[in-house]
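The values are calculated or read from the model by the stated rules, or taken from the named source; none is laboratory data. Bear in mind that the values here come from a model prediction, so they are computed numbers and not experimental data. Quick reminder, even Gly has a Cβ in these numbers, built from the backbone with ideal geometry, and neighbours come from all protein chains shown.
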Amino acid sequence: MIEARALTKRYGGRTAVADLGFTVRPGAVTGFLGPNGAGKSTTMRMILGLDAPTSGSVTVNGKRYADHPAPLHEVGAMLEARAIHTGRSARNHLLALAATTGIPRRRVDEVIDIVGLREVARKRVGGFSLGMGQRLGIASALLGDPSTLVLDEPVNGLDPEGILWIRNLLKDLVAQGRTVLLSSHLMSEMALTAEHLIVIGRGRLIADMSVADFVRDAAGGSVRVRTDDADGLRRLLAGPDVGVATLGGGVLEVTGLASDRIGRIAADHAIALAELTPQQPSLEEAFMELTRDSVEFQPPAREPEGQPA
């Protein structure tokens, strides 16, 4: 379990993380999201004792990272997969890490097999592809068989088979009761992997909830309706706070009304519906909506076409 309490980090006059509080619980993959510059990396570095908080605290399994006598047994981390001596082989890199905390050599061979690097384990890391480097970084995080994992962009550089592998691996780990904090910019993958989300912007907490609740709470949901009397239903649904778009083929897209309300209006006027489907935004759309005021850098407004720049 990871617990942050009033966590704050300042660099001179700039506040990177401000009064941040959250709990990452075991048994679920928790996604850690935020725009660039939101403070995600700083927060993860404070979890791992690489940066000291200006105020507040963060603990892993009840203790500060530095207070654990054998941290690799408590928390495994991958913040930068390629932060490895390029002249070493993958196996020697893992053996060196294992020797620091008394991890047996057989565990090195176990994690090499887990991440699928058996055939290249004795090759120099400098010749590894990006995906192979990611697998070695994950092997390093798993080395101490920790109860808690902190992973930053673990699927970066992996092919589709590798992405499916890490997704299933993380689900297996949380099924064993472990804690997983996962940061990624790949919203499609986060939607398939994470069950809970912690979202920050400009160093402050924006959301701490399940993926389903996060998407449901986002603005922009609509309802797709199909009927033989689209014109009649459109007139009945129209209102100051209701948008009705005609898509053709008897299909309407309705915003501002819940599907059950649309169904009741249609029933009251004997209009048969062939389809009534709520259209929830994707995780990416929900994320963009809820963090749009927390983006550090906004792109410049586009000039109207035909106008001089």
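Numbers at a glance
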{"read-out": "For Thr8: the one exception among (1) over 25 Å from Ala194 (Cα atoms); (2) surrounded by fewer than 16 Cβ atoms within 10 Å (Cβ to Cβ); (3) not basic (Lys, Arg)", "value": "(2)"}
{"read-out": "Any hit, the range 154-165, residues being touching a strand residue (DSSP E or B) at 6+ places or on another chain (Cβ under 9 Å) and of a type outside the set (Ser, Thr, Tyr)", "value": "yes"}
{"read-out": "Segments classed as helices (runs of 4 or more DSSP H), wholly inside the range 209-309, with at least 3 members that are out of contact with any helix residue (DSSP H, G or I) (no Cβ under 7 Å at 6 or more places or on another chain) and at pLDDT below 90", "value": "211-217, 283-291"}
{"read-out": "Candidate set from the range 30-81 (those that are part of a helix (DSSP H, G or I) and of a type in the set (Asp, Glu)); member that is surrounded by the most Cβ atoms within 10 Å (Cβ to Cβ)", "value": "Glu74"}
{"read-out": "Those residues of the range 154-164 which are over 17 Å from the mean Cα position of the chain (by Cα) and in contact (Cβ under 8 Å) with a residue 24 or more places away in the chain, in sequence order", "value": "Asp159, Gly162"}
{"read-out": "The range 213-255: number of residues that are buried (at least 16 other Cβ atoms within 10 Å of the Cβ) and more than 16 Å from Leu276 (Cα to Cα)", "value": "3"}
{"read-out": "Meets criteria (basic (Lys, Arg) and surrounded by 13 or more Cβ atoms within 10 Å (Cβ to Cβ)) for Arg105", "value": "no"}
{"read-out": "Flag if Ile200 is crowded, with 19+ Cβ neighbours inside 10 Å and either outside the structural domain of Asn36 (by TED's automatic domain parsing) or free of Cβ contacts under 8 Å to residues at least 60 places away in the same chain (or both)", "value": "no"}
{"read-out": "Tally, over the range 141-162, of residues that are closer than 18 Å to Arg82 by Cβ and β-branched (Val, Ile, Thr)", "value": "2"}
{"read-out": "Complete set of residues in the range 129-155 that are among the polar types (S, T, N, Q) and either under 16 Å from Gly116 (Cα atoms) or not assigned by TED's automatic domain parsing to the domain that holds Val24 (or both)", "value": "Ser129, Gln134, Ser140"}
{"read-out": "Residues of the range 82-108 classified as assigned to a loop (DSSP other than H, G, I, E, B), more than 21 Å from Glu119 (Cα to Cα) and of a type in the set (Gly, Ala, Ser), total", "value": "2"}
{"read-out": "Members of the range 97-153 found to be without any contact (Cβ under 8 Å) to a residue 12 or more places away in the chain and of a type in the set (A, V, I, L, M), listed by number", "value": "Ala99"}
